Amino acid sequence: MALLVKTVEPGSPAQKFGVQPGDELLSAGGNALYDMLDYEFYTASAAFELLLCRSGEKQTLHITKEEYEPLGCDFATYLADKKHSCDNHCMFCFIDQLPKGLRDTLYFKDDDERLSFLYGNYVTLTNMSEREMQRIKTMHISPINVSVHTTNPQLRVRMLANKKAGQILQQLQDLAAAGIEMNCQLVVCRGVNDGAELRRTLDDLLPLAEHISSIAAVPAGLTDYRKGLYQLAVYDRESAAETLDILEEYGEKCRKELGTRLVYPGDEWYLQAGRALPPCDFYEDFAQLENGVGMWRLYHDEFLQELARPHGIVWPRRLEVVTGELAAPLIRHCAEALHKRYPQVTVRVNAIKNEFFGGNVSVAGLVTGTDIIRQCQGKMRGKTLGIPEVMLRDEKDLFLDNKTPEEVGRSLGARVVIMPNGGGESCLAMLGKHQDR
């Protein structure tokens with residue numbers, strides 16, 4: 001394995017000691033370089049030998065620099081390698097349920113432990129080599145986010161359609177023994193890994209609590225594009241409540257015995273079960289916020305806290321806001337509180353049914369521009385449309401269906417405002433105090 005240098009930063013140690021674009025870095029301090037993690041870890045020393053290949057010939061450079069000073073090489077990708085794709089065929093995989101014709105990047109399945117450490121992605125550990133598992137321990141890459149789903153070996157093999165999937169509990173125990181901290185995710189499928197199987201999984205994980213920072217459970221997302229896939233049922237109010245009861249039971253048990261709740265239900269369980277969201281302190285440090293755990297409670301509380309602050313002159317304003325069906329009651333509650341304090345501001349919340357994915361998906365992040373246009377056309381009372389940034393890719397320029405916010409605005413005859421995800425910033429945007437896009 002070798003890392004191909006694309007550029008060398010001016011004034012860096014790499015430039016000083018003669019590394020050139022086009023060089024292939026082979027090892028540092030005698031350690032082979034496979035990707036950016038190896039590069040960063042093994043070039044952190046104050047002095048080491050760098051073995052490279054230039055024009056087919058190997059050369060050794062004796063590097064000296066400040067400890068932890070960046071060497072100064074840049075590569076074609078951030079990982080200096082390709083992302084590792086997933087070999088699983090999970091019965092609940094959302095990518096397998098996507099319709100044709102979306103962006104190519106949406107169909108790539110990653111299962112890369114490096115992205116878990118760098119970006120918080122979840123990995124199943126089924127696609128890792130012994131070298132990669134050992135590297136986590138050697139470099140003490142921590143925390144790592146693990147998609148567990150179930151600790152029942154036979155069931156996990158069936159759920160992931162991967163014969164290596166049954167090793168998960170031993171893998172978690174090995175990582176814990178090496179002092180690696182973990183966040184665990186359970187994607188729960190109705191009638192598959194809930195009920196008694198969910199209890200078994202939690203019972204297996206709790207002995208590792210010293211090295212598990214959090215366990216979050218979320219319901220599997222199902223679309224109508226499941227032709228040829230395992231037949232899964234959508235959670236209804238009763239079944240969601242039953243699963244929520246188990247998760248809360250174990251969370252309360254951990255709180256009493258360990259001093260931390262450890263087990264956290266995703267927000268969807270509460271919304272689907274028709275129950276009130278727990279208070280903010282229930283979520284402690286919001287360890288799995290990006291996984292939809294505590295997101296709506298935090299949004300609600302930050303919104304009302306911002307609303308309670310003085311905002312000077314607030315001009316009359318009428319705003320149309322779109323969101324998913326699941327979040328609509330919460331957003332309406334916040335909008336009503338805002339209107340009560342500032343009667344000159346009216347925010348109308350439009351709950352968008354996700355017809356693009358078949359109606360079973362109700363989260364805001366998967367709403368498409370197509371559905372917004374179809375369901376809002378001819379019904380809007382205002383000329384300003386608030387689109388939550390969670391509906392758009394990171395660049396805030398495209399929906400899942402490749403529609404742009406500008407296209408949606410033109411179709412509806414409205415000026416588009418991108419609404420921030422945070423509750424406080426969202427409140428300011430509704431008041432017209434946040435910088436509009």
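The values are calculated or read from the model by the stated rules, or taken from the named source; none is laboratory data. From a predicted model like this one, the values you see are computed outputs, not experimental measurements. We place every Cβ from the backbone using ideal geometry, glycine too, and count neighbours over all the protein chains shown. For the accessible areas, the whole protein counts, side chains as well, though only heavy atoms, and no ligand, DNA or RNA atoms are used. Shrake-Rupley method; radii C 1.70, N 1.55, O 1.52, S 1.80 Å.
Rounded to 0.05, the FRET efficiency of the residue 163 and residue 102 pair, given R0 = 30 Å and the Cβ-Cβ distance, is 0.50.
Give me log10 I(q)/I(0) at q = 0.07, 0.09, 0.13 Å⁻¹ for the chain, Debye formula, one equal scatterer per alpha-carbon, no solvent. Calculated log10 I(q)/I(0) at the listed q: -0.44, -0.71, -1.21. Between the listed residues 182, 72, 398, the Cα displaced farthest toward the positive end of the dipole of the chain, a dipole computed from Cβ unit charges relative to the Cα centre, is found at 398. For the listed residue pairs 100/353; 16/58; 379/403; 137/253, the alpha carbons are over 26 angstrom apart in 137/253. Working note: Cα gyration tensor of the range 133-194, eigenvalues times five, square-rooted, sorted largest first, giving semi-axes of 24, 12, 8 Å.
Stretching residue 242 away from residue 309 to a fully extended chain increases their span by 20.2 nm, per 0.36 nm per residue minus the current alpha-carbon distance. Hey, what angle do you get for helix 130-139 against the long axis of the chain, alpha-carbon based, 0 to 90 degrees rounded to 10? That works out to roughly 90 degrees. Per-residue ellipticity at 222 nm, computed for the chain from helices alone with -39500 (n - 2.57) per DSSP H run of at least four residues, works out to -9500 deg cm²/dmol. Classify the range 168-301 as rounded, prolate or oblate from the Cα gyration tensor: take a ≥ b ≥ c as the square roots of its eigenvalues, call it rounded if a/c is under 1.5, otherwise prolate when a/b beats b/c and oblate if not. Verdict is oblate for the range 168-301.
Orientation-averaged projection of the range 368-437 equals 4.5 nm² [convex hull of Cα atoms, one quarter of hull surface area].
For the range 127-244, a simple Cβ point-charge model (Lys and Arg +1, Asp and Glu -1, everything else neutral) yields a dipole of about 480 debye relative to the Cα centre. Taking the Cα centre of the chain as origin and assigning +1 to Lys and Arg Cβ atoms and -1 to Asp and Glu Cβ atoms, the resulting dipole is close to 1680 debye.
Applying 1/(1 + (r/R0)^6) with R0 = 25 Å to the Cβ-Cβ distance of residue 82 and residue 40 gives a FRET efficiency near 0.90. For the chain, with all protein chains in place and a probe radius of 1.4 Å, 50% of the accessible heavy-atom surface sits on carbon or sulfur. Scanning the chain for cysteines with no neighbouring cysteine C-beta under 4.7 angstrom from their C-beta gives 53, 73, 86, 184, 189, 254, 280, 334, 376, 427.
Excluding ligands, DNA and RNA, the accessible surface per residue across the chain is 47 Å² with a 1.4 Å probe.
Projected label points at residue 64 and residue 130, each 7 Å from Cα along the beta carbon direction, are separated by 4.0 nanometres. Across the chain, the relative contact order, built from alpha-carbon pairs under 8 Å that are at least six residues apart, equals 10 percent.
Against the chain, whose longest principal axis is taken from its Cα atoms, helix 168-177 shows a tilt of about 70°. Taking Cβ atoms as reference points and 12 Å as the exclusive limit, the residues near residue 245 contribute a net charge of -4, counting Lys and Arg as +1 and Asp and Glu as -1. Entry note: the range 285-437 has Rg to Rh equal to 0.95, where both radii use alpha-carbon atoms and Rh is the Kirkwood radius. Toward the positive end of the charge dipole of the range 291-433, with +1 on the Cβ of Lys and Arg and -1 on the Cβ of Asp and Glu, the farthest Cα among 385, 361, 293 is that of 385.
Both radii come from the Cα set of the range 4-95: Rg as radius of gyration, Rh as Kirkwood radius; their ratio Rg/Rh reads 1.11.
Placing +1 on the Cβ of every Lys and Arg and -1 on the Cβ of every Asp and Glu, with nothing else charged, gives the range 1-55 a dipole about its Cα centre of roughly 180 debye.
Placing unit charges on the Cβ atoms of the charged side chains and taking the dipole of the chain about its Cα centre, the candidate lying farthest along the positive direction among 276, 5, 333 is 333.
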